[in-house]
Every structure is written in C-alpha cells, then in structure tokens.
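The values are calculated or read from the model by the stated rules, or taken from the named source; none is laboratory data. All values derive from a computational prediction rather than experimental measurement. Backbone-built Cβ (ideal geometry, glycine too); neighbour counts: all protein chains shown. When the accessible area is computed, the model is the full protein with side chains, heavy atoms only, and any ligands, DNA or RNA have been set aside. Shrake-Rupley method; radii C 1.70, N 1.55, O 1.52, S 1.80 Å.
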Amino acid sequence: MKEKKEQRTIIQSESINVYYDDKHVLKNVNLDIKEKTVTALIGPSGCGKSTYLRLINRMNDYIPEFHFSGTIVVNGKNIYDDSVEVEELRKDIGMVFQKPNPFPKSIYDNVAYGLKIQGIKNKTVLDEAVESSLKQAALWDEVKDNLKAGGLSLSGGQQQRLCIARALAVQPTILLMDEPTSALDPISSAKIEELIFELKKQYTIIIVTHNMQQATRVSDNTAFFYIGDLIEYGKTDELFMNPIHEQTKKYITGRFG
Amino acid sequence: MIELILKFSAFVSIGTTMGILYVLLSESIPFFREVSLIDFLTDTQWTPLFTNKHFGILPLITGTLTVTLIALLVAVPLGIIIAVFLSEYASPKFRRSIKPILEILAAIPTVVYGFFALMTVTPILQTIIPGLSGFNALSAGIVMGIMIIPMVSSLSEDAMYAVPKSLREASYAMGANKFQTAFKVVIPAAFSGIIVSIILAIARAIGETMIVAIAAGQQPRFTMDPTVPIQTLTAYIVQVSLGDIQHGSLEYKTIYAAGIMLFAITFLLNSISFYLRKKYQEKYI
Ligand SMILES: Nc1ncnc2c1ncn2[C@@H]1O[C@H](COP(=O)(O)OP(=O)(O)OP(=O)(O)O)[C@@H](O)[C@H]1O
Ligand SMILES: [Mg+2]
C-alpha cells in the first residue's frame with residue numbers, strides 16, 4: 001500500500017492575490033499540493049483556474065496587467081523571489097495547454113526541444129530521451145517509424161500526447177495541464193486520462209478541467225474555485241459525495257446534471 | 001460602379017504587363033535574328049557599343065548578381081535582426097512608432113542613395129580597402145542593402161508577429177528564454193514569410209537602377225570582384241536609353257534583350273514568392 005505513505009507537500013500557496021489591473025481574479029487563496037498526486041481545479045469559466053495554474057510556472061509574467069502578491073513555495077523555494085531564474089524553474093515544471101501546440105518541427109525535434117535548449121547535443125542522450133518520453137506519453141508505438149514526420153501532421157489527440165512527451169522529456173517533477181482534453185474526441189480524451197493515471201506515479205499533476213467525470217476519474221484531490229475564491233478543497237471523492245459548501249454542491253450537481 | 005472601376009484597374013495593370021512583355025519580345029526578336037542565342041548566353045564579353053562587338057549577357061548578369069549578393073548580405077541579417085527585435089522584444093508602442101521610421105528608408109529617392117554610395121561610402125571604404133576603385137560593386141551593394149532593409153524587416157516582422165502566441169508559450173514553458181524562442185521557434189515557424197520577404201528584396205535589388213548607375217561604374221565585366229567597376233542589366237539599359245544611340249539600330253535593340261533577361265529573372269522570383277505564400281498561407285489558422 002504505497003499510496004498510503006505520507007506524502008510531502010510540493011507546492012505551498014499562501015495568501016495569493018492576483019489582479020489584472022483593477023480586476024481581482026484570485027482572492028486570498030491558500031492551497032497546498034502533495035507530491036505525486038493529481039489535483040483537479042474546477043469551477044465556472046473565468047473563476048481563475050488558469051490564472052492559478054499559470055502562477056506555478058510564472059507564465060502570467062508575460063501579461064502586462066498582471067499583479068501578484070503572496071508566496072508560492074515549490075520544492076522549498078519561493079518562486080516569486082527575485083533570485084529565482086524563471087527558465088530554471090520551468091525546466092522542473094512541465095505544462096500542457098488546452099489546444100495542442102506542437103512546434104512546426106518533426107516529432108523528434110518537438111520532444112528533443114527542451115533538452116536541446118539546455119545545450120544537450122549528444123545524439124544517444126537525445127534519442128533515449130525521445131524514445132522514453134514518447135513511451136511515457138503512450139505515443140511511441142504510433143510514431144516510432146516516423147519520427148521525422150512533422151508534429152503538425154498528427155491527429156489532435158496524438159498532438160496532445162506529443163505535447164505531453166515534449167513536457168516529460170526534460171524530466172520535470174510537476175506537470176500542469178490546462179484543460180488538456182477539451183479540444184479532443186472522447187477516445188483521445190480517455191487515452192490521456194489513462195496516461196495521467198500512469199504519470200502520477202512519477203509526477204505531481206495539476207489539471208484544470210470542466211469535465212466533472214474527468215475530475216472524479218483522474219484526481220486525488222479537487223479544488224473548487226468560484227469568482228476568484230477557493231471555496232472548497234479536499235479529497236475528490238469526499239468533495240463530490242459530500243460537498244460542504246452550497247456553491248460547490250450547486251456547481252457539481254449542475255455540471256453532472 | 002465600384003466594381004467597374006476595380007475591374008478597369010485590374011485590366012489596366014494586366015494590360016500594362018502584357019504590353020511590356022509584347023514590346024520586349026517584339027523588339028528582341030529582331031535582335032536574336034542577328035545575334036545567336038548561344039552567343040548571347042555564353043559569350044563572356046558585352047561590348048555592343050564598341051567596334052569589336054560582343055553580345056554576351058554574362059558580364060551584366062555577374063554585375064547584377066554581385067551587387068545583389070552584397071545587398072542581401074547587408075539586408076538579410078540586419079532586416080531579420082530588426083524583425084526579431086520588433087516582434088519579440090519591443091513594446092507594442094515602440095513597434096508602432098518605429099515601423100514608419102524604417103519605411104522612410106524605402107521612401108528616400110534612389111538617386112540620393114546613389115550619390116551617398118559614390119560620395120560617402122566609397123571614400124570611407126577606400127580608407128579600409130586601398131585598391132578599391134572609385135566606382136565599384138561593393139559600395140553600391142552595401143547602400144542598396146540599406147535601402148532594402150525595410151522590405152526584409154517589415155515583411156519578416158509581419159510573418160513573425162503572426163506566429164501564434166501558443167507556440168511561444170509552449171517554448172517559454174519548456175524553460176526557453178526569449179532569444180531561444182525567437183530563433184528556434186518563431187523564425188522557423190515564420191520561415192516561409194521570411195523567405196518571401198527575401199525574394200521580394202532580391203527582386204527589388206535586381207531591378208534597382210539609380211544606385212548602380214551612379215556608383216558601380218559603367219563597365220560590363222565578367223567578374224564577381226566587388227572592388228572593380230562593373231555594370232548591371234539595369235544600368236546598361238539606362239546608359240543606352242539616355243545615350244545617343246540610333247533608335248532601331250542593333251545596338252539599341254540590345255536593351256530589349258537585356259530587358260527580357262531582367263524581366264525573366266524578376267518574373268521567376270515573383271512566381272516563387274507567390275507560390276510560397278500560397279503554399280504556406282493556411283498553415284497556422
Ligand atoms: N490578460 C488578462 N487581462 C485581463 N483580465 C484577464 C486576463 N486574463 C484573464 N483575465 C480575467 O481573469 C479572470 C480569470 O481568468 P482565468 O483564465 O484564470 O479563468 P479560468 O477559470 O481559467 O476560465 P476558463 O474556464 O474559461 O478557462 C477572468 O475573469 C478573465 O476574464
Ligand atoms: Mg482557463
């Protein structure tokens with residue numbers, strides 16, 4: 001019963017406030033995430049799920065209107081500290097986006113990208129990383145004879161798994177997924193869900209989803225956001241079976257509807 | 001009514017092109033009755049205005065190529081660096097204000113560039129390269145390169161700016177910095193647009209007349225040496241058109257033969273860029 005082992009907290013978020021100019025989009029959010037778990041972020045559109053997710057790898061930094069206060073500690077480091085190098089931080093935190101966004105490069109070069117920008121040129125190292133990442137992303141068998149083909153030539157579901165492989169190739173510890181299956185057909189979505197289940201043995205995963213069934217299927221813990229407030233956070237089965245807050249109940253029953 | 005005007009203007013521009021082609025062909029056919037096409041394409045001397053006449057177009061082509069190549073060596077790297085800077089680094093405000101300024105470069109009359117090459121750039125280059133002639137391909141090429149920078153930078157920047165944000169985000173999320181993202185993701189993704197901008201710049205450089213007529217000399221030479229006087233296709237056409245050569249003579253008809261050559265090269269380049277643009281247009285929508 002390995003699962004029962006006391007898990008370490010890998011992400012600690014404390015008194016987080018985010019504004020886009022005057023718009024207060026995350027309101028005093030506190031959220032701790034344990035290592036090697038899957039955490040689902042749910043809530044109505046615009047409640048701040050993506051904003052929270054993108055805080056963790058500092059992707060909001062590119063938005064000029066973005067203002068942040070609070071602390072987020074990842075692996076013991078305050079990631080908004082001035083001494084933190086964002087590039088280094090991101091090598092440890094992979095991200096998968098809503099719409100598959102492979103580079104207009106070959107499958108191989110897509111997966112090898114992260115290692116190449118770290119200056120790794122050794123062919124054997126790259127070959128091995130490409131193979132193992134594609135295997136982890138359950139794409140290897142479909143593309144192994146065709147690694148030189150363009151990443152954009154794959155189907156949507158394959159592209160998304162390619163993007164997952166790309167993120168895994170640099171061996172991050174955390175994987176952020178923002179509605180990774182919302183642009184995919186049910187079969188591709190099911191594949192990705194299976195994959196998430198496999199991946200959580202090695203990675204800490206945070207997934208934003210609008211699909212309640214998906215949240216219950218893949219996640220250990222669920223956080224429910226509502227207009228910038230973290231309303232409820234707990235074990236997924238408890239949250240869905242016995243939501244404490246009225247809003248949570250309304251949302252999940254409405255969505256299950 | 002508007003439709004009629006549009007149709008009319010379309011007709012006028014097509015008609016003009018056809019007219020030019022007709023004149024070029026009809027005037028050069030008599031030329032090729034007197035000069036064999038083989039000689040025209042293989043002879044390495046071009047001396048139609050001398051007593052010992054040779055009609056080899058190659059010297060004019062090497063002259064044109066030399067100047068064009070030098071212009072590209074200046075315009076492509078600088079144009080792309082400017083494009084990367086504007087598209088990836090500059091604030092939107094800065095981008096908006098700098099673009100028109102760059103476009104002024106393209107609006108300066110070429111005769112001004114010509115004299116700038118002859119009176120300013122050549123003397124400066126002569127202090128660095130002692131054997132440089134007063135007329136040479138190098139200074140004309142450099143100045144032409146400066147002139148076409150905005151063509152390369154503006155179209156390349158449009159292509160880079162059109163690269164979806166999601167690709168940049170993917171790259172940043174992998175731990176890439178701006179520089180890596182620009183050169184490993186944005187430029188490859190915008191590659192076809194950049195190539196088109198370069199091809200159009202080449203076409204512009206090949207067709208450019210004033211700068212070369214003023215600063216590169218008037219001596220058709222079968223060489224790629226940038227330090228000696230040369231002549232380009234365009235400069236030759238100007239020289240003959242403005243000279244006192246008898247209209248209708250064989251010497252006069254040479255300009256149509258040179259014109260056909262010029263037309264063929266630019267037409268080819270434009271077709272390539274048109275094809276590339278069509279081919280890659282829908283890729284990221
Ligand atoms: N760049 C921005 N500038 C201003 N406001 C923004 C910006 N990005 C997001 N917002 C606003 O911040 C709020 C939270 O956005 P966020 O994208 O985090 O929501 P979300 O929960 O992910 O929604 P969805 O489920 O639709 O993806 C929304 O009201 C949104 O309109
Ligand atoms: Mg979102």
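In nm, to one decimal, how far is the A:S15 label point from the A:E246 one, both placed 7 Å along Cα→Cβ?
3.0 nm
In sequence order, what are the phi-derived ³J(HN,Hα) couplings for region A:21-28 according to the Karplus relation 6.51 cos²θ - 1.76 cosθ + 1.60 with θ = phi - 60°, rounded to whole Hz, with x for glycine and proline?
Here the 3J(HN,Hα) series is 6, 8, 7, 8, 9, 10, 10, 6 Hz.
Using a 10 Å cut-off on Cβ to Cβ distances, tally the other chain neighbours for every residue of B:92-101 and report the average as a whole number. Walk me through the intermediate numbers first.
Values: counts 1, 0, 0, 0, 0, 0, 0, 0, 0, 0.
Going residue by residue through B:92-101 and averaging, the value is 0.
Work from the charge dipole of region B:2-284 (Cβ charges, +1 for Lys and Arg, -1 for Asp and Glu, about the Cα centre) and give the residue of B:A83, B:A117, B:Y252 farthest towards its positive end.
About the Cα centre, the residue reaching furthest to the positive side is B:A83.
Excluding ligands, DNA and RNA, what is the accessible area buried between chains A and B, summed over both sides, using a 1.4 Å probe, to the nearest 100 Å²?
On the way: alone 12930 and 15210 Å², together 26420 Å².
Using a 1.4 Å probe on protein heavy atoms, the buried area is about 1700 Å².
Of all the Cα-Cα pairs you can form in chain B, what percent are over 23 Å apart?
Values: 25032 of 40470 pairs.
In whole percent, the long-distance tail amounts to 62.
Taking 7 Å along the Cα-to-C-beta vector as the label spot, tell me the B:F32-A:D22 distance in nanometres, rounded to one decimal.
For B:F32 paired with A:D22, the spin-label model returns 7.3 nm.
Could you derive backbone 3J(HN,Hα) for region A:144-154 from the dihedral phi with the Karplus parameters 6.51, -1.76 and 1.60 (θ = phi - 60°), listing whole Hz in sequence and x where the residue is Gly or Pro?
Residue by residue, region A:144-154 yields 4, 8, 9, 5, 8, 5, x, x, 6, 7, 7 Hz.
Of the listed peptides B:225-235, A:72-82, what is their order by residue-averaged count of other C-beta atoms within 10 Å, with the highest listed first?
Values: B:225-235: 23.3, A:72-82: 14.9.
Sorting B:225-235, A:72-82 by mean packing, highest first, produces B:225-235, A:72-82.
For B:S133, which sequence-distant residues (separation of 5 or more, or a different chain) have an amide H within less than 5 Å of its own amide H, given hydrogens modelled in the peptide plane?
none
Could you order peptides B:142-151, B:92-101, A:152-161, B:261-270 by the average number of other Cβ atoms within 10 Å of their residues, highest first? Walk me through the numbers before you get to the answer.
Working: B:142-151: 25.1, B:92-101: 11.6, A:152-161: 20.3, B:261-270: 16.2.
Ranked by mean Cβ neighbours within 10 Å, highest first: B:142-151, A:152-161, B:261-270, B:92-101.
Over chain B, what is the mean sequence separation of C-alpha contacts under 8 Å (at least six apart), divided by residue count, expressed as relative contact order in percent?
26 percent
Give me a single rounded figure for A:111-117: the average over its residues of other chain Cβ atoms within 10 Å of their Cβ.
Details: counts 0, 0, 8, 5, 1, 4, 10.
Other-chain Cβ atoms within 10 Å of each residue's Cβ, averaged: 4.
Which entries of A:K34/A:K200; A:K121/B:K184; A:K49/A:K105; B:K53/B:K253; A:K135/B:K165 have Cα-Cα distances beyond 21 Å here?
Numbers: A:K34/A:K200 11 Å; A:K121/B:K184 15 Å; A:K49/A:K105 30 Å; B:K53/B:K253 14 Å; A:K135/B:K165 28 Å.
Violating the 21 Å limit, Cα to Cα: A:K49/A:K105; A:K135/B:K165.
When ligands, DNA and RNA are left out and all protein chains stay put, how many square angstrom of accessible area per residue does the protein assembly as shown have with a 1.4 Å probe?
Numbers: 26420 Å² over 542 residues.
That works out to 49 Å² per residue.
Could you work out what % of the accessible surface of the protein assembly as shown is carbon and sulfur, using a 1.4 angstrom probe and leaving DNA, RNA and ligands out of the count?
Values: 16120 of 26420 Å².
Answer for the protein assembly as shown is 61 percent, counting heavy atoms of protein chains only.
What whole-number value in cubic angstrom gives the convex hull volume per residue for the C-alpha atoms of region B:216-285?
Details: hull volume 9.6 nm³, N = 70.
Taking the convex hull of the Cα positions in region B:216-285, it is 138 Å³ per residue.
Set Lys and Arg Cβ to +1 and Asp and Glu Cβ to -1, take the dipole of chain B about its Cα centre, and tell me which of B:L41, B:A173, B:F8 lies farthest positive.
Value: B:A173.
For region B:256-269, what does the Karplus curve 6.51 cos²θ - 1.76 cosθ + 1.60, with θ = phi - 60°, yield as ³J(HN,Hα) per residue in whole Hz, taken in order and with x for Gly and Pro?
Karplus-based 3J(HN,Hα) across region B:256-269 equals 6, 5, 5, x, 4, 4, 4, 4, 4, 5, 5, 4, 4, 4 Hz.
Report, in debye and to the nearest 20, how large the dipole of region B:170-259 comes out about its Cα centre when Lys and Arg carry +1 and Asp and Glu carry -1 on their Cβ. Don't skip to the answer; put the middle values down first.
Details: 5 positive and 4 negative charges, 91 e Å.
Roughly 440 debye for region B:170-259.
Let me make sure I get this right: for region B:1-150, a, b and c are the square roots of the gyration tensor eigenvalues over alpha carbons, sorted descending. Under 1.5 in a/c it's rounded, otherwise prolate if a/b > b/c, else oblate. Which is it?
Working: a/c = 2.70, a/b = 1.18, b/c = 2.29.
Verdict is oblate for region B:1-150.
Rounded to the nearest 20 debye, what is the charge dipole size of the protein assembly as shown about its Cα centre when +1 sits on each Lys and Arg Cβ and -1 on each Asp and Glu Cβ?
Values: 50 positive and 49 negative charges, 103 e Å.
About 500 debye.
Under 37 °C and 0.692 mPa s, how fast does chain A diffuse according to Stokes-Einstein, given a Kirkwood radius computed over C-alpha pairs? Answer in µm²/s, whole number.
Numbers: Rh = 18.9 Å.
Rounded to a whole number, D works out at 174 µm²/s.
Which residues, if any, in region A:94-109 have at least 50 Å² less accessible area in the whole protein complex than in the isolated chain, probe 1.4 Å?
Listed by number, the residues meeting the 50 Å² cut-off are A:N101, A:F103, A:P104.
How big is D for the protein assembly as shown, in µm² s⁻¹ as a whole number, if Stokes-Einstein is applied with the Kirkwood radius of its Cα pairs at 10 °C and 1.306 mPa s? Walk me through the intermediate numbers first.
Working: Rh = 27.8 Å.
Translational diffusion coefficient: 57 µm²/s.
May I ask which residue of A:L89, B:S153, B:G131 lies farthest towards the positive end of the charge dipole of the protein assembly as shown, with charges of +1 (Lys, Arg) and -1 (Asp, Glu) on Cβ and the Cα centre as origin?
After comparing all options, I get A:L89.
Within 10 Å of each Cβ in peptide B:161-173, how many partner chain Cβ atoms are there on average? Round it to a whole number, please. Don't jump to the answer; show the numbers that get you there.
On the way: counts 0, 0, 1, 2, 2, 6, 4, 2, 6, 12, 5, 9, 16.
Partner-chain Cβ atoms within 10 Å, mean over residues of B:161-173: 5.
If you count, for each residue, the other Cβ atoms within 10 Å and average over each peptide, how do A:168-181, B:247-260 line up from highest to lowest?
On the way: A:168-181: 22.6, B:247-260: 18.5.
Highest to lowest by the protection proxy: A:168-181, B:247-260.
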